[in-house]
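Down below is the structure, laid out as structure tokens.
The values are calculated or read from the model by the stated rules, or taken from the named source; none is laboratory data. Computed from a predicted model, the values in this text were never measured in an experiment. Methodologically, a virtual Cβ is constructed for each residue, glycine included, from the backbone with ideal geometry; neighbour enumeration extends over all protein chains shown.
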Amino acid sequence: LVRRAEQQDTKAIQALDSAHYIHPFTDHGDLATRGARVMTHADNIYVWDSEGKKVLDGMSGLWCVNAGYGRKELADAAYQQMMTLPFYNSFFQTTNVPAVQLAAKLAALAPKVGDRSFNHVFFSSSGSESNDTNVRMARRYWDLMGQPQRKVIISRHNAYHGSTMAGASLGGMSGMHAQGDLPIPNITHIEQPHHWENARAGETPAEFGVRAARWLEEKILAIGPDKVAAFIGEPVQGAGGVIIPPETYWPEIQRIVDKYGILLIADEVICAFGRLGHWFAYEKFGMKPDLVTFAKGVTSGYIPLGGVMVGNRVAEVLIEKGGEFNHGYTYSGHPVACAVALANLELMEREGLVDRVKNDTGPYLAQRFAELKDHPLVGEAETCGFVAGLVLVKDKVKRTMFDPDLAVGMICRGHCFRNGLIMRAVGDRMIIAPPLVMTRAQIDEMMGLIRLCLDATL
Ligand code: PLP
């Protein structure tokens, strides 16, 4: 089969791209000199560009194509729903069948932890929008609880919570803050729990995890506990470079938020839907969140959909005391997106993908990734389910990093591109998050490519 897109002229597409398309997170001066790589089609864990080059997608697109590419069931679900009811909004006392079914399905999948259960879902079209919803919902909750002074949301440096004004403010990316007069008021940050970078000499991960969590308590006390609305965190920080917290971190955070009555928001845009071997990662980490952000993997990225799992603590107040919540999006509960999500979750259940990552391919990836620690460039190499990160170092014994101006991560990423592997560079941390359908043989193939690219970077 000759694909339509392959027949297109790369140069012509690149010229049009350069003339008309403003890309997200892209230096256009740089792009104009190189020309964008034109991706044309995909199957399973591979994508092809317009020159016919096949690339193993170690990033599942942008952490989202969990079910892999080319899943006809998902296209069929979209087609059927488009022919039945392509759109209707959920405003003003209306609803639609796929949105209701999906809300019920997600409520069934979300585990109850302690006294927290999730019977309600609010839909959006992305992770960023969902985090805006979280800010609105958390503040609305405290208004309704008679504590309107609780406005502050605490997040972490290097966190990623999206690119809208609230999402980027919650996020802890200094480059994003610098460009938009951010953060917006009443959002503040603490340090991330990165043992490799922040631990004291001789401090164990367990000791460091508790110390890092207590930075939250210090911040709460500095602000005044009665002013704090919520703490938000990714169970495993993704875009910040796959920062896997020590096991002691989240239980201590939970103790602290419980002590001061603060809401806990788990941003699971990356972590949910099997990425860490669980439907929702809060379960794995001993978190008892009140709000859970999701997006990406819920549809395996086939169509935009996001949302917030609203725990009983917040939902009961919002529904019973709230009256109208003046918040929502045209595409909240979009029937086509919800139908695709339902088909995706069904596919994942049928193929046992979550269980496979937890008990088979995830542990295998961990084993193979650990082997990279013998490489002279690799300081740390860690996985959690189907996310993994390694840090490129100048001297692994002394733990010294390369001069950032050398851009060693970008050099390594360039070798990956040329050798047929998509791996992302966050500074000098190289990260992967492959499709959950990846087999053991494909893990071996990917690991061979990673080693090849590390050798080329030496
Ligand atoms: N939250 C997390 C943890 C993310 O990783 C992302 C995107 O990568 C977002 C929020 C933003 O999601 P979106 O790009 O769909 O707006």
Within the stretch 310-374, which helices (runs of 4 or more DSSP H) (wholly inside it) include 2 or more residues that are of a type in the set (Gly, Ala, Ser) and touching a strand residue (DSSP E or B) at 6+ places or on another chain (Cβ under 7 Å)? 361-370
Glu247 being surrounded by fewer than 24 Cβ atoms within 10 Å (Cβ to Cβ), modelled with pLDDT of 95 or more and of a type outside the set (Phe, Trp, Tyr): yes
Any idea which of Ala407, Ala388 is out of contact with any Cys (no Cβ under 6 Å at 6 or more places or on another chain) and surrounded by fewer than 22 Cβ atoms within 10 Å (Cβ to Cβ)? Ala407
Restricting the first residue to the stretch 367-386 and requiring it to be within 13 Å of Ile450 (Cβ to Cβ), which pairs with a second residue that is surrounded by 18 or more Cβ atoms within 10 Å (Cβ to Cβ) and among the aromatic types (Phe, Trp, Tyr) meet a Cβ separation below 7 Å and a spacing of at least six or different chains? Ala381/Phe369; Thr383/Phe369
Only one of Leu305, Leu291 is of a type in the set (A, V, I, L, M, F, W, C), at pLDDT 95 or above and away from the ligand (no atom under 12 Å from the Cβ), namely Leu291
So which residues in the stretch 150-160 are outside any loop (DSSP other than H, G, I, E, B) and farther than 23 Å from Gly307 by Cα, if there are any at all? none
Scan the stretch 78-89 and give yes if some residue there is at pLDDT below 95 and on the phi > 0 side of the Ramachandran plot, otherwise no. no
Scan the stretch 232-245 and tell me whether some residue there is away from the ligand (no atom under 12 Å from the Cβ) and either closer than 17 Å to Ala138 by Cα or more than 21 Å from the chain's Cα centre (by Cα) (or both). no
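Only residues that are β-branched (Val, Ile, Thr) and surrounded by fewer than 24 Cβ atoms within 10 Å (Cβ to Cβ): list them for the stretch 438-457, please.
Within the stretch 438-457, the subset β-branched (Val, Ile, Thr) is 439, 443, 450, 457.
Of everything in the stretch 438-457, those that are β-branched (Val, Ile, Thr) and surrounded by fewer than 24 Cβ atoms within 10 Å (Cβ to Cβ) turn out to be Thr439, Ile443, Thr457.
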Every residue in the stretch 111-152 that is within 14 Å of the ligand (Cβ to nearest atom) and of a type in the set (A, V, I, L, M), please. Val135
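In the stretch 437-454, is there at least one residue being charged (D, E, K, R) and in a strand (DSSP E or B)? Let's see the steps before the verdict.
The first filter runs over the stretch 437-454 and keeps only residues charged (D, E, K, R), leaving 440, 444-445, 451.
Applying the additional criterion that residues be in a strand (DSSP E or B) yields none.
Looking through the stretch 437-454, none of the residues is charged (D, E, K, R) and in a strand (DSSP E or B).
Residue-by-condition table, conditions (1) part of a helix (DSSP H, G or I); (2) at pLDDT below 95; (3) charged (D, E, K, R); (4) in the same structural domain as Leu305 (by TED's automatic domain parsing):
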| residue | (1), (2), (3), (4) |
| --- | --- |
| Gly162 | no, no, no, yes |
| Ala166 | yes, no, no, yes |
| Arg211 | yes, no, yes, yes |
| Asp226 | yes, no, yes, yes |
| Ala266 | no, no, no, yes |
| Val269 | no, no, no, yes |
Looking at Ala222 and the list (1) touching a residue at least 12 places away in the same chain (Cβ under 8 Å); (2) more than 25 Å from Val269 (Cα to Cα), which single condition is not satisfied? (1)
Which of the residues belonging to the stretch 177-209 are assigned to a helix (DSSP H, G or I), buried (at least 19 other Cβ atoms within 10 Å of the Cβ) and not small (Gly, Ala, Ser)? His195, Phe208
Selection within the stretch 79-114 - of a type in the set (A, V, I, L, M, F, W, C), over 21 Å from Phe294 (Cα atoms), free of Cβ contacts under 8 Å to residues at least 40 places away in the same chain and in a helix (DSSP H, G or I): Met83
Condition first: touching a Gly at 6+ places or on another chain (Cβ under 6 Å) and more than 16 Å from the ligand (Cβ to nearest atom). Now tell me which residues in the stretch 246-276 satisfy that. Pro246, Thr248, Tyr249, Pro251
Name every residue in the stretch 153-175 that is more than 10 Å from the ligand (Cβ to nearest atom) and either closer than 18 Å to Gly240 by Cβ or buried (at least 19 other Cβ atoms within 10 Å of the Cβ) (or both), in order of residue number. Ile153, Ile154, Ser155, Arg156, His157, Asn158, Ala166, Ser169, Gly172, Met173, Ser174, Gly175
